[in-house]
Amino acid sequence: MSKETNNLLVLGIETSCDETAVAVVDSKRTIHAHNVLSQIDDHAEYGGVVPEIAARQHISGLDHLIRKTLLDADKTFNDLDAIAATTGPGLVGGLMVGVMTAKAIAAASGKPFVAVNHLEGHALTARLVEDIEFPYLLLLMSGGHCQLLATYGVGSYERLGSTIDDAAGEAFDKTAKLLGLPYPGGPAVERAAKDGNPDRFDLPTPLLGRPGCDFSFSGLKTAVRRTAEACVAERGALFPDDRADICAAFQQAMGRCIVDRLEKAIQIFRGKTGDKPMPLVVAGGVAANQYLRARIQDVAAANTMTFHAPPMALCTDNGAMIAWAGVERLVRDPTLDDQDVAPRPRWPLDESAAPKVGSGRKGPKA
Ligand code: KG4
Ligand code: ZN
């Protein structure tokens, strides 16, 4: 390593799904620059991410975005201590674009390459924003994942629970699609729910009260479809108030499930780490949802846990979380260089936990 390890500067590249994102971050928690090129418009007409389109868009956008981000940060490749890229889990075409670009920059500039697990990026983002010590309980809710993880340190995670079918964001996206709302579904459902009556429809709360802290959302999605069909049968069409009421009921049911599972996870976590106050961290795109955040905050308060959630821009996919995970891994091992690590479409954070679901939008949800 050319510089002293007291302030490491890392370029982070994220291309695992439908955002091309690049950032420059240092180990003193300064985000020198971060840029996100969203592909939402390219996938919107398909109601979901099309892997082939995503990979092509990463190819056409990434070089330019790296140049812009370095310019914004007023840095050159020479100033960097390492280049980090999401190496999995995710769509393999996009992963290959990010990893090959990062490796090429690393090789050409004589810097190490750091292979970052996208989920670890989400898991550690709270430490980029605040001074949070390990261990903490992490609730990760994104488009491809829904997991509760005991986070003991960098690279050290124990999965306490996970979805057995759909991920939380996937449930939002599918609900939006069923109701004719735009993609991505999360923000659209949240907006529609604001004007809705959550008690008009009684949607199911899968696994509520069951032992353990796994999640299940596919029954909820099916109930949304049936409810929407019943509205159409009754009134001839799905009207804005129907949509708003279904979205509000969906969010309420989801909130109830999350609260119940979280309460269980806190008990399990306490059994492992003791009764002292611990941080509860939420991460992933669904953590941007204000209604769910408020429910989760209530659980934290009731259990004397401190609540931590990254700001919105760092909840959804971004390059800063990848650069920061790179920083954390380099601080732990200054000799790290992952030049020989290949993209991994499936890459669970807790390698010892058996997969709960075979495959999903971004690989295993388990
Ligand atoms: O973490 P993320 O950006 O990408 C993945 O790693 O998947 O999460 C994207 C997911 C999408 O499913 C999107 O609908 C959901 O996060 N999302 C939301 C909200 N904003 C984004 N879900 C609920 N409420 C929101 N406000
Ligand atoms: Zn993500």
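The values are calculated or read from the model by the stated rules, or taken from the named source; none is laboratory data. Note that the structure is predicted; figures quoted are calculated from it, not measured. Ideal geometry is used to build each Cβ from the backbone, glycine not excepted, and the neighbour counts take in all protein chains shown. The area values use the complete protein model at the heavy-atom level, side chains included, leaving out ligands, DNA and RNA. Shrake-Rupley method; radii C 1.70, N 1.55, O 1.52, S 1.80 Å.
Take the range 16-62 with all the other protein chains still there, run a 1.4 Å probe, and you get 45 Å² of accessible area per residue. GNM on the chain, C-alpha springs below 10 Å: top fluctuator among Thr316, Thr151, Thr227? Residue with maximal mean-square fluctuation among Thr316, Thr151, Thr227: Thr227.
Taking max minus min of the alpha-carbon positions on each principal axis, the chain gives extents of 68, 49, 33 Å, largest first.
Once neighbouring chains are kept in place and the probe is 1.4 Å, which whole percent of the accessible area of the chain is contributed by carbon and sulfur? Kindly include the intermediate steps, with their values, before the conclusion.
On the way: 7450 of 14400 Å².
Looking at the chain in its full context, I get 52 percent from C and S.
The range 1-58 and the range 88-146 have their alpha-carbon centroids 9 Å apart.
Taking every protein chain into account, the accessible area of the range 174-282 amounts to 46 square angstrom per residue (probe 1.4 Å).
Less than 5 angstrom separates the built amide H of Cys146 from those of Thr163, Ala168, all sequence-distant by 5 or more or on a different chain. Between the range 295-337 and the range 148-201, the alpha-carbon centres lie 19 Å apart.
Go through 105-115, 267-277, 164-174 and give me the packing order, highest mean Cβ count within 10 Å leading.
Highest-to-lowest ranking by the protection proxy: 164-174, 105-115, 267-277.
Principal axis analysis of the Cα atoms in the range 174-274 yields extents of 55, 22, 20 Å, listed in decreasing size. Surface exposure of the range 106-155, expressed per residue as accessible area with a 1.4 Å probe, stands at 21 Å².
Just to be sure I understand: of the beta bridges DSSP finds with both ends in the chain, what percent are antiparallel, rounded to 5? The partial results should precede the final answer.
Details: 25 of 42 bridges.
Once the DSSP bridges in the chain are tallied, antiparallel ones form about 60 percent.
The GNM of the chain, with springs linking C-alpha atoms under 10 angstrom apart, assigns the highest mean-square fluctuation among Leu11, Leu292, Leu95 to Leu292.
Need one word for the range 277-317: rounded, prolate or oblate. Basis is the Cα gyration tensor (sqrt eigenvalues a ≥ b ≥ c); a/c below 1.5 gives rounded, then a/b vs b/c decides. It would help to have the intermediate numbers written out before the result.
Details: a/c = 3.32, a/b = 1.73, b/c = 1.92.
It is oblate, given that a/c is not under 1.5 and a/b is not larger than b/c.
When the Gaussian network model of the chain links Cα atoms closer than 10 Å, the mean-square fluctuations of Gly153, Gly121, Gly144 top out at Gly153.
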